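K.L.:
Can you keep this structure in mind? I'll have questions shortly.
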Amino acid sequence: MTDLEPAADNLTTLESHILSEETRHPGATGAFSWILAAMTLSAKIIASKIRRARIEDVLGTLGSKNITGDTQQKLDVIANETLLRALGTRAGVAVLASEENEQPIILQTKVDRPYCVLFDPLDGSSNLDACVSVGTIFSILRHDTQADPIEISILQPGTKQIAAGYMLYGSSCVFVLTTGHGVNLFVLDPAVGAFILVQENLRVPESAKSYSINEAYRADFPAGYQRYLDWVHGQRYSSRYIGTMVADIHRILVQGGVFMYPPTKAHPQGKLRLMYEANPMAMIVEQAGGKAVAGTQRILDIQPTGLHERTPVIMGSAAEVDHVLRHVKAAGAE
Ligand code: P6P
């Protein structure tokens, strides 16, 4: 268990944290802070919509699929539209990219704007009807003003991210953020409508006897993962799998362990999307002292070729990722 010491005064809000971060950058224009403010506003709106979904009859599917083939939940579209509206009004955003939109959305071509924002508006939304935690994941890149066409500005490796974060709509509404200087954890206080800093510089436990994978697909996994499962079954580990990446990774950030989504027959490249799921979560896990790899390659080093490309994922406590890698390498994987 981690000793989650409360932050110093428990009175730092996400907004005041963002503004104090801004003072670290004398030339800051405030554009980055405004983008984060749009994310916090969106989080409050989406959290409220989710809490009232069954009452307002906005649970369930739309009977359509998104560009990546996932069945669209009504709340997927509501969350997506909330983020597009909130971010679309921010002067610092040149390009928006969403899991729910086939093409990136270009906001400005005449004036150079500094940032691109990519997001999965509602990760794990198929769990909503069962009242299981879901989340929003986002990644912020500097806009490449030389990109031609402009859309390729977002095809940057995860090491180029200047910020990454997620909102987890669970037993409480959590906002986790890194700007490259460690990971900070905020919790929404519904009584005042503000995200309160509860943990600074969160560190993922070095190891923990817990693994997270959908073992139903075991027969599809490459040999190395099957070797790992044979090993871990003999080590008295606990298995925890929520089926929402944000929730599984948040548990690992707080309690330690390892999360995996290996290649399967249905998804030979892995199911999770590189640009707006794996990369932001990998930045957060690494900033918290953990490891995040795709097979034997560091996720953040992958050079993307498409907005919706997928990748295998192994991430969590460094020692636990190494246990998986030992078996993956022993099976001869690259
Ligand atoms: P499976 C949710 O649909 C998601 O994209 C991730 O949040 C989650 O980790 C994964 O898919 C679950 O996939 O195949 O185990 O249901």
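K.L.:
Quick one: if you stick a label point 7 Å off each Cα along the C-beta vector at residue 233 and residue 265, how many nm between them?
P.N.:
1.9
K.L.:
Per-residue counts of other Cβ atoms within 10 Å, averaged by peptide: what ranking do you get for 321-331, 19-29, highest first?
P.N.:
Averaged packing, sorted descending, gives the order 321-331, 19-29.
K.L.:
Moving on. Find how much the distance from residue 216 to residue 145 grows on full extension, using 0.36 nm per residue of separation minus their present alpha carbon separation; answer in nm with one decimal.
P.N.:
Between residue 216 and residue 145, full extension yields an extra 21.0 nm.
K.L.:
Read phi for every residue in the range 71-81 and hand back ³J(HN,Hα) as whole Hz from Karplus 6.51 cos²θ - 1.76 cosθ + 1.60, θ = phi - 60°, with x for Gly and Pro.
P.N.:
Each residue's phi maps through the Karplus curve to give 5, 7, 7, 4, 6, 4, 5, 4, 5, 4, 5 Hz.
K.L.:
Throw me the Rg/Rh for the chain, computed over C-alpha atoms with Kirkwood Rh, two decimals.
P.N.:
Radius of gyration over Kirkwood radius for the chain works out to 0.95.
K.L.:
To the nearest 10 square angstrom, what accessible area does residue 76 show with a 1.4 Å probe?
P.N.:
10
K.L.:
Between beta-carbons, use under 14 Å as the cut-off and find the net charge around residue 41, counting Lys and Arg +1, Asp and Glu -1.
P.N.:
Combined, the nearby Lys, Arg, Asp and Glu give +2.
K.L.:
³J(HN,Hα) across the range 160-165 via Karplus (A = 6.51, B = -1.76, C = 1.60, θ = phi - 60°), whole Hz, x for Gly/Pro?
P.N.:
8, 4, 9, 7, 8, x
K.L.:
Quick check: the angle from helix 31-51's long axis to the longest principal axis of the chain, C-alpha only, nearest 10 degrees?
P.N.:
70
K.L.:
Additional query: When the solvent-accessible surface of protein heavy atoms is calculated with a 1.4 angstrom probe, in what order do 301, 112, 189, 148 fall, highest first?
P.N.:
Sorted descending by solvent-accessible area, the residues read 148, 112, 301, 189.
K.L.:
List the residues of the range 249-270 whose backbone N lies under 14 Å from a point placed 7 Å from the Cα of residue 68 along the Cα-to-Cβ direction.
P.N.:
Label zone hits: 261-262, 267-270.
K.L.:
What do you reckon, how do 78, 55, 137 stack up by accessible area (1.4 Å probe), largest on top?
P.N.:
Order by accessible area, largest first: 55, 78, 137.
K.L.:
Another question, if that's okay. Measure nothing fancy, just the Cα-based angle from helix 318-330's long axis to the longest principal axis of the chain, in degrees from 0 to 90, nearest 10.
P.N.:
For helix 318-330, the angle is close to 50 degrees.
K.L.:
Taking 7 Å along the Cα-to-C-beta vector as the label spot, tell me the residue 309-residue 45 distance in nanometres, rounded to one decimal.
P.N.:
The modelled label-to-label distance comes out at 3.2 nm.
K.L.:
So what is the relative contact order of the chain, in percent, for Cα pairs below 8 Å that sit 6 or more residues apart?
P.N.:
Working: 702 pairs, mean separation 53.9, N = 334.
Reported relative contact order: 16 percent.
K.L.:
Next question, about the same structure. Give the percent of DSSP beta bridges with both residues in the chain that are antiparallel, rounded to the nearest 5.
P.N.:
85
K.L.:
While we're looking at this one, here's another question. Angle between the Cα long axis of helix 223-232 and the longest principal axis of the chain, 0 to 90 degrees, nearest 10?
P.N.:
Helix 223-232 sits roughly 80 degrees off the main axis of the chain.
The values are calculated or read from the model by the stated rules, or taken from the named source; none is laboratory data. No experiment lies behind these values; they were computed from the predicted model shown. Note that each Cβ is placed from the backbone with ideal geometry, even for glycine, and that neighbours are counted across all protein chains shown. These area figures cover heavy atoms from the full protein model, side chains too; ligands, DNA and RNA do not enter into them. Shrake-Rupley method; radii C 1.70, N 1.55, O 1.52, S 1.80 Å.
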